[in-house]
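Chemist: Below is a structure I'd like to ask you about.
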Amino acid sequence: MPRPASEVPGPTATVAARRVTDGAPQAMTDVLAVETAVAIEFNGRSHAVMLATPADLEDFALGFALTEGIIRRADELKLVEQEWTPQGVVLRIRIPELRFALLETRERNLTGRTGCGLCGTSTLETAIRPVRLVAPGVPHATASALREGMEKLAAMQPYNDASGAVHAAGLMTTDGGFTVREDVGRHNAVDKAVGAVARAGATPHSLLVTSRASYEIVHKAAEAGCSLVAAISAPTALAVQLALEAGITLVGWVRPPRFTVYSGELA
């Protein structure tokens, strides 16, 4: 049975708790991040179930379809319907039949925990997929712009400011824009940012994340056409290898005034 609109969860929730200081408990209320099961269907076929923050779900649907290589352009996503149930929300997505036929040949059925990047892949071939080469000449942030971007990213995280448990992803675009989305899952935050930028018709060039730079983060950045990935924490060795293959500048430990460049060049 569909859930009434009044019962649809928000991105944060207030709970009762007890804070203990030097052995002395004190009753309090705290704000926590909300995790919701989000089922993704393409043309009536179940494809993924992720745990995500219940906000910006249309951005999430579009960004997920783009960064997973299910569609190539934003206008190929025809419809997103949301059906809320007591267990979570179903995103019913319509894509062109050609794209759906290609999707059916893939082995991936995802059951994604919050931090999941490759959950549900059934073979090594589908887990470690070829990466898309970023087109030569795509600009990316300079060192000074990267520092400014990280400062903006830190200031544009209302859900994390409230709960302390949410990741953020920021996309810098060729028109000078900067779009930020938040989620309990770092991969979901990237998908939401990619979807938001695509819906606006903008072109991203640099991805900034408040997490480590994993294989999946770099792969999604390549699918989105970003030529730079910058992370507040370290990359993995596989992420560095992938960035080299994709022609992406990968920067880790971005904590101004220092950062570490693992691939490519940063002016």
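Chemist: Roughly speaking, what is the stretch gain from Ala234 to Arg19, that is 0.36 nm per residue apart minus the C-alpha to C-alpha distance, in nm to one decimal?
Modeler: Numbers: separation 215, 0.36 × 215 = 77.40 nm, distance 3.24 nm.
Stretched fully, the Ala234-Arg19 segment lengthens by 74.2 nm.
Chemist: Could you state the orientation-averaged shadow area of the convex hull built on the Cα atoms of the chain, in nm² to one decimal?
Modeler: Result: a mean projected hull area of 16.2 nm².
Chemist: Here's another thing I want to ask about it. At 0.36 nm per residue, and after removing the present C-alpha to C-alpha distance, how many nm does the segment from Val31 to Gln87 gain when stretched out fully?
Modeler: Values: separation 56, 0.36 × 56 = 20.16 nm, distance 2.15 nm.
The span from Val31 to Gln87 would gain 18.0 nm if fully extended.
Chemist: Another question, if that's okay. Over the Cα atoms of the range 134-186, what is the Rg over Rh ratio if Rh follows Kirkwood? If you can, show how the numbers build up before the last one.
Modeler: Values: Rg = 12.8 Å, Rh = 12.2 Å.
Ratio of gyration radius to Kirkwood radius: 1.04.
Chemist: Okay, next question. For the range 143-263, state the semi-axes of the equivalent ellipsoid (square roots of 5 times the eigenvalues of the alpha-carbon gyration tensor), sorted largest first and rounded to whole angstrom.
Modeler: Numbers: eigenvalues 72, 54, 40 Å².
Semi-axes (√(5λ), whole Å): 19, 16, 14.
Chemist: How long is the gain from Met156 to Asp75 if the chain were fully straight, where each residue apart is worth 0.36 nm and the alpha carbon distance is subtracted? Provide the component values of the computation, followed by the final result.
Modeler: On the way: separation 81, 0.36 × 81 = 29.16 nm, distance 2.80 nm.
Residue separation times 0.36 nm, minus the Cα-Cα distance, leaves 26.4 nm.
Chemist: Still on this structure, please answer the following. So what's the net charge close to Glu223: Lys and Arg +1, Asp and Glu -1, counting the other residues with Cβ under 13 Å from its Cβ?
Modeler: After counting each charged neighbour, the total is +2.
Chemist: Among Thr85, Thr249, Thr21, whose mean-square fluctuation peaks in a Gaussian network model of the chain (Cα, cutoff 10 Å)?
Modeler: Highest fluctuation of the listed residues: Thr21.
Chemist: For the pair Val8 and Thr260, what calculated FRET efficiency results from E = 1/(1 + (r/R0)^6), where r is the Cβ-Cβ distance and R0 = 51 Å, to the nearest 0.05? Display every interim value, and only then the final one.
Modeler: On the way: r = 42 Å, r/R0 = 0.82.
My answer for the efficiency is 0.75.
Chemist: Cβ neighbours within 10 Å, averaged per peptide: list 43-49, 10-16 in order, most packed at the top.
Modeler: 43-49, 10-16
The numbers here are math on the coordinates, done by the rules we state, and not lab data. Predicted, not measured: the structure shown is a model, and the values here were computed from it. Here the Cβ is made from the backbone with ideal geometry for all residues, glycine too, and neighbour counts use every protein chain on show.
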